[in-house]
1. If you scan the stretch 28-50, which residues turn out to be exposed (fewer than 14 other Cβ atoms within 10 Å of the Cβ) and either of a type in the set (Gly, Ala, Ser) or part of a loop (DSSP other than H, G, I, E, B) (or both)?
2. Of a type in the set (A, V, I, L, M, F, W, C) and without any contact (Cβ under 8 Å) to a residue 40 or more places away in the chain - does that describe any residue in the stretch 332-346?
3. Can you list the helices (runs of 4 or more DSSP H) lying wholly within the stretch 370-441 that have 2 or more residues being in contact with a Phe, Trp or Tyr (Cβ under 7 Å, 6 or more places away or on another chain)?
4. Give the stretch 167-207 a look and list any residue that's among the charged types (D, E, K, R) and outside any loop (DSSP other than H, G, I, E, B), or say none.
5. Taking the stretch 425-439 as the search range and keeping residues that are among the hydrophobic types (A, V, I, L, M, F, W, C) and farther than 17 Å from Leu206 by Cβ, which one is surrounded by the most Cβ atoms within 10 Å (Cβ to Cβ)?
6. Can you give me the number of residues within the stretch 13-38 that are within 23 Å of Phe406 (Cα to Cα) and either among the hydrophobic types (A, V, I, L, M, F, W, C) or touching a helix residue (DSSP H, G or I) at 6+ places or on another chain (Cβ under 8 Å) (or both)?
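The values are calculated or read from the model by the stated rules, or taken from the named source; none is laboratory data. Keep in mind that what you see is a predicted model, and the values were worked out from it rather than measured. FYI the Cβ positions are ideal-geometry reconstructions off the backbone, even for glycines, and counts take in every protein chain you see.
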Amino acid sequence: MTPEILAIIMFVTTLALLLFGFPVAFTLAGSALIFAFIGDFLDIFNFRMLFFFPQRIYGIMINEALVAVPLFIFMGVMLEKTKIASKLLESIGDLFGSIRGGLGIGVVLVGMLLAASTGIVGATVVTMGMLALPSMLKAGYDEKIATGTICAAGTLGQIIPPSIVLILLAEMLQGANEEAGLMTGDLAPLPVTAIDLFAGALIPGLILVGMFIIYILIVAKFKPSDLPILQSTKTKSEKIRTAVFEVIPPIFLILSVLGSIFMGIATPTESASVGAAGAALLALFRKELNYKNVSAAAITTVKMSSFVFVILIGASMFSLVFRGFEGDDMISNFLTNIPGGEYGALLVVMITIFLLGFFLDYIEIIFVIIPLVGPGLIANGADPLWLGILISLNLQTSFLTPPFGFSLFFLRGVAPKEVRTVNIYRGVIPFIFIQVIAIFLVFIFPAIATWLPRLIN
């Protein structure tokens, strides 16, 4: 048996175990160790390679960029726990509810703002599902358009910065970029940072928001009965006053975080600290800063951060063993020989990621797939920044694609019992197509993703 065949068997076995629902981190690390022993027994793997694993863990521990992950999580959870996010949804819903399809547009805009302030899909979908969905159904909105809009708007946290996905993706792409440099003889490749991905994702994210809104307006035009006007007892001046009070502070916080990053004033980690402190100050201003909310936010942050970092450690073990079987060279050669060159290889990888999104979580895809295919794609000529934005848009669809789209589960958990699950699944289909169109736009016009990062650099 050759090392390459054992590498394929290890990958397929690990993928199968993940599909059966085994814990991600332990599956990655456990399968890697088992196959390392098998490889050592067959004399096709040097077990001493595992001695490098402590160095990898140490590298993760001292990585300053990853400190931004728990800080952004705390920022988002604090805004959600202190009801700042819910107040934002209510005020914008009232403001846009007076026009046909306005409540749906308001949900998309709130999803955008929550994405830029929380970056947590689950919290956004649950919040909007609990608050907006009953209002939409009461107003006479069709179940499919109402549920689809909420699920799609909730996924914007994956692409609109500051996004935890982009931070993790930047970390993986930088490693792939360095490995690609070794393959091509470029010992000093241009780094891929979270700042670059934040800037690159901003325009595609706004385009996606615009496409969602256009779709809602089209449905409102041709099927007005599906998106009726929301009746409200508040006057126009009351709606504007409430919206200003509820919207301005979160927007100021978002601009402070993103502005400090794009202007080079602060690193993503430093700006995440500003965001976490700003969320606490907003809670204090709203008289929601108490032990209960702070404790809940801290516990949730620890749980989510631990989940991410444990998976990262497990993925590091998997990658080390896979590389020991020369699996990285095998994948690189495969991508190089695909007809169509750089674009053909990229198309195959994007289709694969899209299909894996039907069954796997985005974190699993980032930590398992990107280290395997990233070096080969970059070595073939793909711009790592452009590649990162394409992958992040693709990963966003994993939250909507059945049967395991997490946004679908989040909404199903808080939706009224009379809402049929089949309507939730049918409701997201148009938005999945919209996201695929956005991916093709960035694929055809790379400047959509690369123009702003190049400008600020």
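1. Leu42, Asp43, Asn46
2. yes
3. 384-397, 406-414
4. Glu171, Glu178, Glu179, Asp196
5. Only one residue tops the list, namely Val428.
6. Number satisfying all stated conditions: 13.
The rows are residues; the columns are (1) at pLDDT below 80; (2) within 30 Å of Ser31 (Cα to Cα); (3) in contact with a helix residue (DSSP H, G or I) (Cβ under 7 Å, 6 or more places away or on another chain).
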position: Tyr362; (1), (2), (3): yes, yes, yes
position: Pro384; (1), (2), (3): no, yes, yes
position: Thr401; (1), (2), (3): no, yes, yes
position: Glu418; (1), (2), (3): no, no, no
position: Val422; (1), (2), (3): no, no, no
position: Tyr425; (1), (2), (3): no, no, yes
position: Ile434; (1), (2), (3): no, no, yes
position: Phe440; (1), (2), (3): no, no, no
position: Pro446; (1), (2), (3): no, no, yes
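This table checks each residue for (1) touching a residue at least 40 places away in the same chain (Cβ under 8 Å); (2) out of contact with any Gly (no Cβ under 6 Å at 6 or more places or on another chain); (3) buried (at least 18 other Cβ atoms within 10 Å of the Cβ).
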{"site": "Ile369", "(1), (2), (3)": "no, yes, yes"}
{"site": "Gly374", "(1), (2), (3)": "yes, yes, yes"}
{"site": "Ile391", "(1), (2), (3)": "yes, yes, yes"}
{"site": "Asn394", "(1), (2), (3)": "yes, yes, yes"}
{"site": "Asn423", "(1), (2), (3)": "yes, yes, no"}
{"site": "Pro453", "(1), (2), (3)": "yes, no, yes"}
